[in-house]
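S.K.: Take this structure first; my questions come after.
The values are calculated or read from the model by the stated rules, or taken from the named source; none is laboratory data. Every value quoted in this text rests on a predicted model; they were computed, and no experiment measured them. Every residue, glycine among them, receives a Cβ derived from its backbone with ideal geometry; neighbour counts consider all protein chains shown.
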Amino acid sequence: MNQWKLFIPALPAALALVGCEVVMQWDGWAFWRQYYDHTIGPVLSVLLGCLAAWFWFRQGAAVLWTPKWWGWLVLGTLASSLLLIGPIYQVAKPLLAAQQAEAVRPQRLEIAEKNLSKKQTELDYYLQMAASGRIGWQGHIDQARANLAELELKHDVLLVPVTTEFNQVVVLAATGLAVILFQVAAALLAGQVSAVLGQAVSAETPKTFHPKRPETFHPKRPETFHPKHPAPETKHPTETPQIMRQKTPETENDVLVKRLQNIIKISMAESKMSLRQWCEREGLQPATISMLGNHFRLKNEKKETISAPKLAALAGRYLLETVDSAEAKG
């Protein structure tokens, strides 16, 4: 039950993300249904929206400027661009229709003039036949006059250029900009949800790393350890030099491990960071620090623990800095 509490901070951003996706799907459904498939079109639109949100979610969880970060960025941009095709087209559809009508207006006007001339010639013929005294042409004359009036009306409409009013252009531009902003907001909200969940999960991560702090350790006495001037080795008369070379490094390593555990534990507590965040700040691998924290358990279980070069590098970085700062205070 406590695990669900991790999602509470991300709930507002998640709800806003859902709202943006609903707005995007409003016009997306109509586009894909008309130009792709009546049944599969809406499903394709929803899948594109889910893919775009997932790509931006993963991009928000990746480390900045890494290859994975760039990869998710490219995929998210591609999916969002495809998702924007439908809403943008539906918004601009009236403007496109007006442009197409104006483009074909000269051809339609020419055809209307030909039909009008043809119908006028037909009416003149009927009038001549009626004027010659022949009976039965009045019905044809009335029908021809009605058709001629209809053609003249269509011809007059085609004489006026098809234009788009300024206020209509402004409305279409504002609507298109709003659609783009909704998609940008959806991408940012997906990244925010990822970041919030990552922080919530990271807050629980230090519970798995518990280097024990010895009761005899006092942070104000780091000067008791001087790696710059190691104590000379004492050889027991009953032990051979080979035995001393085997036992001395183990004893020194244990001392280094205990001191590094305490220093790193204090540093993480003061910074209020998780293990992953602290390692990112220090430029270290979390696996290395985890091996350091579990050194004695791994050693007792005869498993692989932190290597001597990595231990020496950590000692040279943190123990020497501690000693130098203590000497500067003194």
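S.K.: Just to be sure I understand the filter: pairs with C-beta atoms under 7 Å, separated by 6 or more residues or on different chains, first member in segment 296-318 and of a type in the set (S, T, Y), second member surrounded by 13 or more Cβ atoms within 10 Å (Cβ to Cβ). Which pairs pass?
M.R.: Filtered contacts from segment 296-318: T305/M291; T305/H295; T305/L298; T305/K299; Y318/L260; Y318/I263.
S.K.: Next up: Within segment 200-207, can one find any residue that is at pLDDT below 65 and of a type in the set (G, A, S)?
M.R.: Yes, segment 200-207 contains at least one residue that is at pLDDT below 65 and of a type in the set (G, A, S).
S.K.: Restricting attention to segment 62-85, which residues are in contact (Cβ under 8 Å) with a residue 60 or more places away in the chain and crowded, with 17+ Cβ neighbours inside 10 Å?
M.R.: Answer for segment 62-85, where residues must be in contact (Cβ under 8 Å) with a residue 60 or more places away in the chain and crowded, with 17+ Cβ neighbours inside 10 Å: G76, S80, L83, L84.
S.K.: If only one of E165, E122 is over 30 Å from R276 (Cβ atoms), touching a helix residue (DSSP H, G or I) at 6+ places or on another chain (Cβ under 6 Å), among the acidic types (D, E) and at pLDDT below 90, which one is it?
M.R.: E122
S.K.: Report, ordered by the first and then the second residue, all pairs with beta carbons closer than 6 Å, sequence separation of six or more or different chains, a first member in segment 96-121 that is closer than 30 Å to V169 by Cβ, and a second member that is assigned to a helix (DSSP H, G or I) and among the basic types (K, R).
M.R.: Once the first residue is closer than 30 Å to V169 by Cβ and sits in segment 96-121, its partners that are assigned to a helix (DSSP H, G or I) and among the basic types (K, R) give A112/K154.
S.K.: Show the residue pairs that are 6+ apart or on different chains and have beta-carbon atoms under 7 Å apart, the first residue being within segment 30-44 and closer than 14 Å to P87 by Cβ, the second being acidic (D, E).
M.R.: No pair meets every condition.
S.K.: Kindly evaluate I135 against the criterion of being over 23 Å from L158 (Cα atoms), surrounded by 10 or more Cβ atoms within 10 Å (Cβ to Cβ) and either free of Cβ contacts under 8 Å to residues at least 60 places away in the same chain or not assigned by TED's automatic domain parsing to the domain that holds L159 (or both).
M.R.: no
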